[in-house]
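Trainee: Here's a structure for you.
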Amino acid sequence: MEHPENNEAYKGLTVNAGIEQPSSVNPYFKRKTRKRQLTVQEFVDGITKGDVTILSQAVTLVESVKPEHQVIAQEVIEKCLPYSGNSIRVGISGVPGAGKSTSIDVFGLHVLERSAGKLAVLAIDPSSERSKGSILGDKTRMEQLSVHADSFIRPSPSAGSLGGVARKTRETIILCEAAGFNKIFVETVGVGQSETAVHSMVDFFLLIQLAGTGDELQGIKRGIMEMADGIVINKADGNNIDKANLAATQFRNALHLFPAPESGWIPKVLTYSGFYNKGVKEIWDMVYEYIDFVKANGYFEYRRNEQSKYWMYESINEKLRDSFYQNPLIESMLAHQEQQVLQGNLTSFVAAKNLLDTYFGELRK
Ligand code: GDP
């Protein structure tokens, strides 16, 4: 018998048209865009290993206003606390244009070269929410530092009151320290209240000033000068050097009029140029001399303890305030009571008492 393949009609192996195959990709499958939320322990492990991505995620939780984020953030902070504290924290303040970004860039590189470790640059800028403009600590403002492997730059938390913004920065310090950052800069705009907040979380408060028109000391709030552990006059370069030296003398004279600081340290006044990187080493010699000085006389520990105490009361105040103002009954009464006060129908004190009595009455229910 002939083999069937020898038949003329045999076409050999043919390829069937086949039928359409279903897609191997489940059409109902949606890729989750959001990553799984890490557990508290995963956060803590990541942070203490120095994982900057996890550190950033934890800071985002700290900054979040969502209560469920806050719960996790607080647990993470608590677990990181034993790993924190081992750093020097320096507050850096100056009016816009004083040269903070330029200076922090060179200061940062200097301290990283000077000794081993990592640097975190944080910020407190309560105005940033309103102005959306000057979000301090912005990476683009610190060109060299932002690409340095050992630096972590985080803009100011933007939401909330000064107290709230400052608390978040303080909590971020704890996380950064737990992640091995042993040098912390906290930047703020030198225009008022935010200095007090920064002062309450740093070991050394550095005030950047400019030599101006001869009236340097005017417009600088006495309170801010009193907080400073060091005053540095920037832009001492070109034909500005004499003016900067004159300003330094004026500041030194003014500081003599203040009572001796609790630390026993007499604040120094130096001139420098951030842009030309002149006099930067001397500034950091001063900071490290101060740290040695206050560690030796016990003030370093004392100041940190006082700060912890301050933040305990700050946290209580913040929670109480939120609880009061977020109470639905209070929210519904507030505008009316305010109106009554404005119209002269109620005194401020009676209106306050009405609201507080209502609030405490609610709590008892
Ligand atoms: P910030 O607003 O305090 O952060 O100030 P910037 O760092 O942005 O500096 C404001 C302006 O001052 C910029 O044009 C800088 O180039 C300039 N500047 C900063 N430091 C110096 C300095 O040491 N000397 C001179 N001549 N200009 C400087």
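Trainee: Too long at a 24 Å Cα-Cα cut-off: which of LYS235/LYS268; LYS309/LYS365; LYS118/LYS235?
Mentor: Exceeds cut-off: LYS309/LYS365; LYS118/LYS235.
Trainee: Another question about this same structure. Once you put a point 7 Å from the Cα of GLU306 and another 7 Å from the Cα of ASP45, both along the Cβ direction, what distance in nm separates them?
Mentor: 4.2 nm
Trainee: Separate question: Relative contact order of the range 84-297, please, whole-number percent, based on alpha carbon pairs below 8 angstrom and at least 6 residues apart.
Mentor: It comes to 24 percent, rounded to a whole number.
Trainee: Would you please give the FRET efficiency between TYR325 and PHE258, computed as 1/(1 + (r/R0)^6) with r the Cβ-Cβ distance and R0 = 41 Å, to the nearest 0.05?
Mentor: Taking R0 as 41 Å, the efficiency between TYR325 and PHE258 is 0.60.
Trainee: While we're here: Between ASN239 and THR53, what FRET efficiency follows from the Cβ-Cβ distance if R0 is 41 Å, with the result rounded to 0.05?
Mentor: Efficiency for this residue pair is about 0.30.
Trainee: If the cut-off is 13 Å between C-alpha atoms, which aspartates and glutamates fall inside it for LYS281, apart from same-chain ones fewer than 8 positions away?
Mentor: Partners within reach: GLU113, GLU289.
Trainee: In the range 84-297, with Lys and Arg counted as +1 and Asp and Glu as -1 at Cβ, which of these residues, ASN240, LEU207, SER158, has the Cα nearest the positive end of the dipole, that is, farthest along it?
Mentor: Value: SER158.
Trainee: Please report, in cubic angstrom per residue, the volume enclosed by the convex hull of the alpha-carbon atoms of the range 84-297.
Mentor: 115 Å³
Trainee: How large is the Rg to Rh ratio of the range 33-101 when both quantities use alpha carbon positions and Rh follows Kirkwood?
Mentor: Answer for the range 33-101: 1.09.
Trainee: Moving on. With labels modelled as points extended 7 Å from the Cα through the Cβ direction, what inter-label distance (nm, one decimal) is found for ALA149 paired with LEU81?
Mentor: For ALA149 paired with LEU81, the spin-label model returns 3.5 nm.
Trainee: Right, another one. At 7 Å along the Cα-to-beta-carbon direction for both GLU282 and ARG114, put a label point, then send me their distance in nm to one decimal.
Mentor: Output for this residue pair reads 1.5 nm.
Trainee: What's the exposure ranking of MET333, MET312, MET225, going from fewest to most Cβ atoms within 10 Å?
Mentor: MET312, MET333, MET225
Computed from the coordinates by the stated procedures, all read-outs in this text should not be read as laboratory data. Computed from a prediction, not measured in an experiment: that's the story for all the values here. Methodologically, a virtual Cβ is constructed for each residue, glycine included, from the backbone with ideal geometry; neighbour enumeration extends over all protein chains shown.
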